[in-house]
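K.L.:
Please find one structure pasted underneath; my questions will follow.
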């Protein structure tokens, strides 16, 4: 961190339910130290983990300032973003290769040394994936400097009634997500189901399909998709042809948008074209990173489960250890400390001072300093955020703060959550619209909403705090506004 002399006031929170300590501790150094390689950096920040929910706290004005500083550099030279983006792509591809080799390997048959070797290899790439992936967050997480600039470029080149449509085309990613690949293969299996069954190939095809995609909606810590679930989805879709027609239509629409995208690029100056294309590339990098995280945590859960069986610890105790401490857990686990970390841990970062880990009473006392500086949420009948996918719908709100509550979600409700990950895709498909507290145009919710072509407003900051289950709302995603009715 570079030395700051000005003290700032209000803090802000990024809260991620279902994110464990071993996961949140990886990107933290990027925020604390790597941001300062490009900007003035943050004078203070904190990471808090409490029983399966992780939060990151920063001083609002500082975070917005460094985003603006970074955008000015990117605007002058968009190429500086492509170094971290290439490193994200490399790490993701290495993780996918590990998955092909290890997804169905019996880890209990490995020695401790062999298991640790796999763990080290996986999290070496996970660390690169996480840390390099955080650089774009200065632009597009709460901050949305690049998005706003691209919107201004579109506004200068197109009439008002075309701008949302044009922006939607420009933010259609070229990267084919694991969900899109799944949908393509799903259509083939359902379409050729009778033929596969007739020639005795059905079981082989379904098994191959299941093994290829079982980890796709894993998210932070959710179970993989079972073979039975895949079979159930196939049988349901055979009875409801509209499901397949919708998947085929969305695939064709995406191809059309990518062709149109190239034509639209020609409308902009050379310098503006670079920035418009950079936003699309950030979307692709984020989508690939989300897929790679799902693969990582699918493997990590298998590793942690094997370590738990070897040590007699619970899997949540294992999740309470950073990667560097796993070797020590296998040799001599400290159950008492792991329990304290699981219950409540705070990591404090400050310029010029070594980072400090606190647990228990000391951690909660330190958090009071932050809590007093967080904004007070005011009651309101209208909230706003960023357009992720256009549309205007009315419906009833369903708040989902933890994916374990997914069974409560009903078809046609409006999903309101803090942030989504791949484990949310099944309920996102049922939703009439999607609203999130956290994220910008490159967030998981934004990417999936464009794939599903569902109205989506991201980055409302307070959606889950001012809305409640059953509220009747109107979502005007084109304007990024949600109104209580």
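K.L.:
Please pick out the residue among 480, 459, 412, 470 that is under 22 Å from the mean Cα position of the chain (by Cα) and surrounded by fewer than 24 Cβ atoms within 10 Å (Cβ to Cβ).
P.N.:
480
K.L.:
Mind telling me which of the residues 271, 281 ends up being within 21 Å of residue 181 (Cα to Cα), outside the structural domain of residue 121 (by TED's automatic domain parsing) and surrounded by fewer than 23 Cβ atoms within 10 Å (Cβ to Cβ)?
P.N.:
281
K.L.:
Count, please, the residues in region 37-51 that happen to be surrounded by fewer than 18 Cβ atoms within 10 Å (Cβ to Cβ), closer than 30 Å to residue 341 by Cβ and touching a residue at least 24 places away in the same chain (Cβ under 8 Å).
P.N.:
2
K.L.:
Can you confirm whether residue 69 is within 23 Å of residue 295 (Cα to Cα), surrounded by fewer than 19 Cβ atoms within 10 Å (Cβ to Cβ) and either touching a residue at least 12 places away in the same chain (Cβ under 8 Å) or assigned by TED's automatic domain parsing to the domain that holds residue 124 (or both)?
P.N.:
No, not satisfied.
K.L.:
Additional query: Kindly indicate the residue of region 388-409 that is part of a helix (DSSP H, G or I) and in contact with a helix residue (DSSP H, G or I) (Cβ under 8 Å, 6 or more places away or on another chain) and also surrounded by the most Cβ atoms within 10 Å (Cβ to Cβ) among those meeting that condition. Full working, then the answer.
P.N.:
The first filter runs over region 388-409 and keeps only residues part of a helix (DSSP H, G or I), leaving 403-408.
Okay, now just the ones that are also in contact with a helix residue (DSSP H, G or I) (Cβ under 8 Å, 6 or more places away or on another chain), so 403, 406.
Details: 403: 22, 406: 16.
Ranking the candidates gives 403 first.
K.L.:
Cβ contacts < 8 Å: first residue over 11 Å from residue 268 (Cα atoms), restricted to region 152-165; second residue not in a helix (DSSP H, G or I), any location; separation 6+ or different chain. Result?
P.N.:
Partner pairs satisfying both residue conditions: 164/387; 164/390; 164/478; 165/390.
K.L.:
Considering only region 340-349, I want to know if a residue exists there that is outside any helix (DSSP H, G or I), closer than 30 Å to residue 179 by Cβ and either out of contact with any strand residue (DSSP E or B) (no Cβ under 7 Å at 6 or more places or on another chain) or assigned by TED's automatic domain parsing to the domain that holds residue 134 (or both).
P.N.:
No, because not a single residue in region 340-349 is outside any helix (DSSP H, G or I), closer than 30 Å to residue 179 by Cβ and either out of contact with any strand residue (DSSP E or B) (no Cβ under 7 Å at 6 or more places or on another chain) or assigned by TED's automatic domain parsing to the domain that holds residue 134 (or both).
K.L.:
Could you check, for region 364-387, whether at least one of its residues is part of a loop (DSSP other than H, G, I, E, B) and crowded, with 20+ Cβ neighbours inside 10 Å?
P.N.:
So far as region 364-387 goes, yes, one or more of its residues are part of a loop (DSSP other than H, G, I, E, B) and crowded, with 20+ Cβ neighbours inside 10 Å.
K.L.:
Moving on to the next point. Name every residue in region 185-231 that is at positive phi and under 24 Å from the mean Cα position of the chain (by Cα), in order of residue number. Lay out the reasoning, then the answer.
P.N.:
Within region 185-231, the subset at positive phi is 200, 219.
If the condition is that a residue be at positive phi and under 24 Å from the mean Cα position of the chain (by Cα), then 219 is the only one that fits.
K.L.:
Please work out if residue 56 is in contact with a strand residue (DSSP E or B) (Cβ under 7 Å, 6 or more places away or on another chain) and not in a strand (DSSP E or B).
P.N.:
no
K.L.:
If you take the residues of region 427-442 that are under 26 Å from residue 243 (Cβ atoms) and out of contact with any helix residue (DSSP H, G or I) (no Cβ under 7 Å at 6 or more places or on another chain), which of them is surrounded by the fewest Cβ atoms within 10 Å (Cβ to Cβ)?
P.N.:
Let us first name the residues in region 427-442 that are under 26 Å from residue 243 (Cβ atoms), namely 427-436.
Imposing the further condition that a residue be out of contact with any helix residue (DSSP H, G or I) (no Cβ under 7 Å at 6 or more places or on another chain) reduces the set to 430-433.
Details: 430: 15, 431: 27, 432: 17, 433: 28.
My answer is 430.
K.L.:
For residue 436, all conditions in the list (1) within 13 Å of the chain's Cα centre (by Cα); (2) closer than 27 Å to residue 151 by Cβ; (3) touching a residue at least 60 places away in the same chain (Cβ under 8 Å) hold save one; what is the number of the exception?
P.N.:
(3)
The values are calculated or read from the model by the stated rules, or taken from the named source; none is laboratory data. These figures come from a predicted structure and were not determined experimentally. As a convention, Cβ positions derive from the backbone with ideal geometry for all residues, glycine included, and neighbour counts pool all protein chains shown.
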